[in-house]
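What follows is a short report on a single structure.
The values are calculated or read from the model by the stated rules, or taken from the named source; none is laboratory data. Quantities reported herein were computed from a predicted structural model and do not represent experimental measurements. Here the Cβ positions follow ideal geometry from the backbone for every residue, glycine too, while neighbour counts run over all protein chains shown.
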Amino acid sequence: MPTLRTLKALERERLVTPDARLAEAAEAMAIAITPEMLGLIDRADPADPIARQFVPSAAETEILANELSDPIGDEARSPVKGIVHRYPDRVLLKPLHVCPVYCRFCFRREKVGPGGEALSAAELDAAVAYIKARPEIWEVILTGGDPLMLAPRRLAKLIAALDAIGHVGVIRIHSRVPVVDPARVTDELVASLKPRRAALWFAVHCNHARELGPAARAALARLADAGVPLMGQTVLLAGVNDDVETLDALMRALVRCRVKPYYLHHPDLVRGTGHFRVSVERGQALMKALRGRLSGLGQPTYVLDVPGGHGKVPIGPGYLGDDPDALLVEDAFGGQHRYPR
Ligand SMILES: *Cc1c(COP(=O)(O)O)cnc(C)c1O
Ligand code: SF4
């Protein structure tokens, strides 16, 4: 079965009923639901957390006044096409804009899609040359779109070009492919993720334990068995994972797949995503609850990407209170303790 890409296909699968606002939502952002994700949707559950992430909703047509078309300010920090350079020691490199699925809450919602063209060979060369000319760039983060949508040979070529730059110590890949289209994680692909010199780290985007079906778990195992260090990236989303049991189950599932939870992203101010938004106070309360019940291995850092291109900062709950002559420390179970200054 092919990836579902049209409202008609979603209608045939009884995932939507025709509606003018839905058509407007589908117009604003491409649709893609892989067979793997389709197979994990529970049709009996009207609030299915997988369907909610990928099936367009009429709510996407509601644009709130504080929402932004470039929510994390990528454009202000892009010196050459395909590069975002916000921190001195690391850059994002976006070789293409296509993804295996289109997540309705995507922070690059207005950039991703089959219409957004990939970098041409000359543009990719220029992006690599930008990195080569700047010895302060220690880490290159391949993102997009999804870099695993490149043909394995092209991805291998790009990784080799970065590996040949002596000052690049780390190549990091951010991808949703192992979870949503695990069949793409072939031996050839895994082999391309082994640069000879630089360290390669792999961040997997996953928002609910139910996304991790047997094929996804096997794909992650292939990567881990090949020695690729894995970390997890999750977006906090209303109606998908904004309760402590769901987050607890997700983080445990990731750790069981040898994926270390890295970031829990506060949802960005993306246009048309108000129905996914959670308050920072709620996010902090969830993090606090997780701390009391889950091993450190399963604790992500809760971060906010500050609008305007100012980068990410941790916004997790505080555990320190003030007192004139001692620190007040709150433990993970709510107890208060004094600690000498
Ligand atoms: C998120 C991001 C990074 C990576 O940040 P880390 O905190 O190192 O994961 C780097 N550059 C840009 C532009 C980013 O948005
Ligand atoms: S896979 Fe990532 S970049 Fe692509 S639509 Fe989903 S969140 Fe956006």
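Scanning the stretch 216-268 for residues that are within 23 Å of L38 (Cα to Cα), part of a loop (DSSP other than H, G, I, E, B) and aliphatic (A, V, I, L, M) returns L236, L237, A238, V240. Among the residues making up the stretch 1-11, those that are in a helix (DSSP H, G or I) and crowded, with 20+ Cβ neighbours inside 10 Å are L7, L10. Residues of the stretch 102-111 include at least one that is away from ligand 1 (no atom under 16 Å from the Cβ), surrounded by 16 or more Cβ atoms within 10 Å (Cβ to Cβ) and farther than 17 Å from R5 by Cβ.
If you go through the stretch 210-222 and keep only what is free of Cβ contacts under 8 Å to residues at least 60 places away in the same chain and under 18 Å from the mean Cα position of the chain (by Cα), you end up with L212, R217, A219, L220.
For the stretch 247-256, the tally of residues that are surrounded by 18 or more Cβ atoms within 10 Å (Cβ to Cβ) and more than 17 Å from the chain's Cα centre (by Cα) stands at 0.
Would it be correct to say that I72 is among the β-branched types (V, I, T), in a loop (DSSP other than H, G, I, E, B) and within 16 Å of ligand 1 (Cβ to nearest atom)? Answer is yes for this residue. Within the stretch 116-173, the set of residues being assigned to a loop (DSSP other than H, G, I, E, B), more than 24 Å from H205 (Cβ to Cβ) and hydrophobic (A, V, I, L, M, F, W, C) comprises A133, A164, I165.
If you filter the stretch 159-207 down to residues that are away from ligand 1 (no atom under 16 Å from the Cβ) and of a type in the set (S, T, N, Q), you find that the one that is surrounded by the most Cβ atoms within 10 Å (Cβ to Cβ) is N207.
Of the residues in the stretch 257-278, how many are away from ligand 1 (no atom under 16 Å from the Cβ), closer than 23 Å to D187 by Cα and surrounded by 18 or more Cβ atoms within 10 Å (Cβ to Cβ)? Qualifying residue count for the region: 1.
Looking across the stretch 224-239, the residues that are in contact with a strand residue (DSSP E or B) (Cβ under 9 Å, 6 or more places away or on another chain) and either farther than 23 Å from I171 by Cα or buried (at least 22 other Cβ atoms within 10 Å of the Cβ) (or both) come down to G232, T234, V235, L236.
Restricting the stretch 99-119 to residues that are more than 8 Å from ligand 2 (Cβ to nearest atom) and among the aliphatic types (A, V, I, L, M) leaves a set whose member that is modelled with the highest pLDDT is L119.
Residues in the stretch 38-49 that are part of a helix (DSSP H, G or I) and either more than 17 Å from A216 (Cα to Cα) or out of contact with any strand residue (DSSP E or B) (no Cβ under 9 Å at 6 or more places or on another chain) (or both): how many? Count: 3.
For the stretch 68-98, a residue qualifies if it is within 16 Å of ligand 2 (Cβ to nearest atom) and β-branched (V, I, T), and the qualifying residues are I72, V84, V98. Within the stretch 82-101, if we keep just the residues that are assigned to a loop (DSSP other than H, G, I, E, B) and within 13 Å of ligand 1 (Cβ to nearest atom), the residue that is surrounded by the fewest Cβ atoms within 10 Å (Cβ to Cβ) turns out to be P88. Being outside any helix (DSSP H, G or I) and either among the acidic types (D, E) or under 23 Å from N241 (Cα atoms) (or both) is a property that A65 lacks.
Let's see how each residue does on (1) surrounded by 12 or more Cβ atoms within 10 Å (Cβ to Cβ); (2) out of contact with any helix residue (DSSP H, G or I) (no Cβ under 9 Å at 6 or more places or on another chain); (3) closer than 17 Å to C99 by Cβ:
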residue	(1), (2), (3)
E13	yes, no, no
T17	no, no, no
M37	yes, no, yes
I41	yes, no, no
A47	no, yes, no
V55	yes, no, yes
A65	no, yes, no
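Filtering the stretch 292-322 to residues that are over 16 Å from Y263 (Cβ atoms), more than 16 Å from ligand 1 (Cβ to nearest atom) and surrounded by 11 or more Cβ atoms within 10 Å (Cβ to Cβ) leaves G292, R293, Y319, G321.
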